[in-house]
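Trainee: This is the structure I have questions about; it appears just below.
The values are calculated or read from the model by the stated rules, or taken from the named source; none is laboratory data. This one's a predicted model, so the numbers in the text were calculated from it and none came from an experiment. Here the Cβ positions follow ideal geometry from the backbone for every residue, glycine too, while neighbour counts run over all protein chains shown. Note: accessible area is taken over every heavy atom of the protein model, side chains too, but ligands, DNA and RNA are not part of it. Shrake-Rupley method; radii C 1.70, N 1.55, O 1.52, S 1.80 Å.
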Amino acid sequence: MDGATAVMHVQKVVVLHGLYMSGLVMRPLCKRLHKQGYQTLNLTYNTLSPDLDTICTRIDEFIDNEPTAFVCHSMGGLIARRYLERNSKQSHWVDSVITLGTPHKGSHLAREIHDSRFKGMLKNSIEYLLADNHHWPFKARLYSIAGDLPVGLMPLLSRDSISDGTVLIDETRVTGMTEHKVFPLSHTSLIYSRRVLNYIVETLQRPTSTVADD
């Protein structure tokens, strides 16, 4: 298309799980996407020591010059950001990034753990979880989903906070995002909620415009 703008429809979806998880937890979501006709790359990666080179290579190979979206839970959204920052030719085909409970501004909970005697639990994930990103600068549109059912450690650390139990709602908001949605769900239940899945499918079906540059 040599720099031309054309109306596109997303056909492929990269699915990225969160900390201490694997692609197994994302299978129900992928099954729903398959029923809607989408191809998915349900990528399992080592969350405590991500091999970003390998992750990015696999994503590039999957995109293969076709309009693509990301659906990411928690830390997976931070991995997606690193992928877009590398600005590969294939990354220009990414139309949208949908994140579920991703602490775009950095994780308060991870910071508390890192400052404690339990910091070894996080290993190299801290490089992603403590990133201080307040703006979404990419062409790909960001749809940030948050939960406000505080089931987890966060209420114990900050009683007056509004969170999904793990991630503060404020951590999921950045300038430059296209849309922010809050559901009455906890951090993990965001993955399995039918309401969230319906919203994801609705978002993927919206008319999109992707520019592919040489």
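Trainee: Please specify each residue of the range 22-37 satisfying the condition of being over 16 Å from VAL201 (Cα atoms) and open to solvent by less than 50 Å² (accessible area, probe 1.4 Å).
Mentor: Selection gives SER22, GLY23, VAL25.
Trainee: Taking LEU84 as the residue in question, decide whether it is part of a helix (DSSP H, G or I), open to solvent by less than 40 Å² (accessible area, probe 1.4 Å) and within 19 Å of VAL25 (Cβ to Cβ).
Mentor: Details: part of a helix (DSSP H, G or I): yes; open to solvent by less than 40 Å² (accessible area, probe 1.4 Å): yes; within 19 Å of VAL25 (Cβ to Cβ): no.
Here the answer is no, as LEU84 does not meet what is asked.
Trainee: Just the residues that are assigned to a loop (DSSP other than H, G, I, E, B) and over 23 Å from TYR192 (Cβ atoms), please, taken from the range 97-114. First the steps, then the outcome.
Mentor: So the first thing to find is which residues in the range 97-114 are assigned to a loop (DSSP other than H, G, I, E, B), and the list is 101-107.
Within the range 97-114, LYS105, GLY106 meet the criteria.
Trainee: What's the total number of residues in the range 173-214 that are modelled with pLDDT under 95, open to solvent by less than 20 Å² (accessible area, probe 1.4 Å) and part of a loop (DSSP other than H, G, I, E, B)?
Mentor: Final tally of qualifying residues: 1.
Trainee: Still on this structure, please answer the following. Just to be sure I understand, how many residues within the range 141-171 are hydrophobic (A, V, I, L, M, F, W, C), in contact (Cβ under 8 Å) with a residue 60 or more places away in the chain and assigned to a loop (DSSP other than H, G, I, E, B)?
Mentor: Total meeting the criteria: 1.
Trainee: MET21 - would you say it is over 24 Å from LYS139 (Cβ atoms), in a helix (DSSP H, G or I) and either charged (D, E, K, R) or within 16 Å of the chain's Cα centre (by Cα) (or both)? Steps first, answer last, please.
Mentor: Values: over 24 Å from LYS139 (Cβ atoms): yes; in a helix (DSSP H, G or I): no; either charged (D, E, K, R) or within 16 Å of the chain's Cα centre (by Cα) (or both): yes.
Judged against the criteria, MET21 is not a match.
Trainee: Which condition number in (1) surrounded by fewer than 20 Cβ atoms within 10 Å (Cβ to Cβ); (2) assigned to a helix (DSSP H, G or I); (3) in contact (Cβ under 8 Å) with a residue 60 or more places away in the chain is the one that ASN65 fails?
Mentor: (2)
Trainee: Continuing with the same structure: Does LYS89 fit the bill of being open to solvent by 50 Å² or more (accessible area, probe 1.4 Å), on the phi < 0 side of the Ramachandran plot and without any contact (Cβ under 8 Å) to a residue 24 or more places away in the chain? It would help to see each step written out before you state the result.
Mentor: Values: open to solvent by 50 Å² or more (accessible area, probe 1.4 Å): yes; on the phi < 0 side of the Ramachandran plot: yes; without any contact (Cβ under 8 Å) to a residue 24 or more places away in the chain: no.
In short, no.
Trainee: With respect to SER163, determine if the residue is within 14 Å of CYS72 (Cβ to Cβ) and open to solvent by less than 10 Å² (accessible area, probe 1.4 Å). Spell out how you get there, then give the answer.
Mentor: Working: within 14 Å of CYS72 (Cβ to Cβ): no; open to solvent by less than 10 Å² (accessible area, probe 1.4 Å): yes.
For SER163, the condition - within 14 Å of CYS72 (Cβ to Cβ) and open to solvent by less than 10 Å² (accessible area, probe 1.4 Å) - is not met.
Trainee: Give the number of residues within the range 172-186 that are under 16 Å from SER74 (Cβ atoms) and touching a residue at least 60 places away in the same chain (Cβ under 8 Å).
Mentor: Result for the range 172-186: 3.
Trainee: Would you check which residues across the range 115-130 are free of Cβ contacts under 8 Å to residues at least 40 places away in the same chain, of a type in the set (S, T, N, Q) and part of a helix (DSSP H, G or I) and list them?
Mentor: Listed by number, the list is empty, since nothing qualifies.
Trainee: Please find, among THR57, THR40, the residue that is more than 12 Å from the chain's Cα centre (by Cα), surrounded by fewer than 18 Cβ atoms within 10 Å (Cβ to Cβ) and outside any loop (DSSP other than H, G, I, E, B).
Mentor: None of the others qualify; the one that does is THR57.
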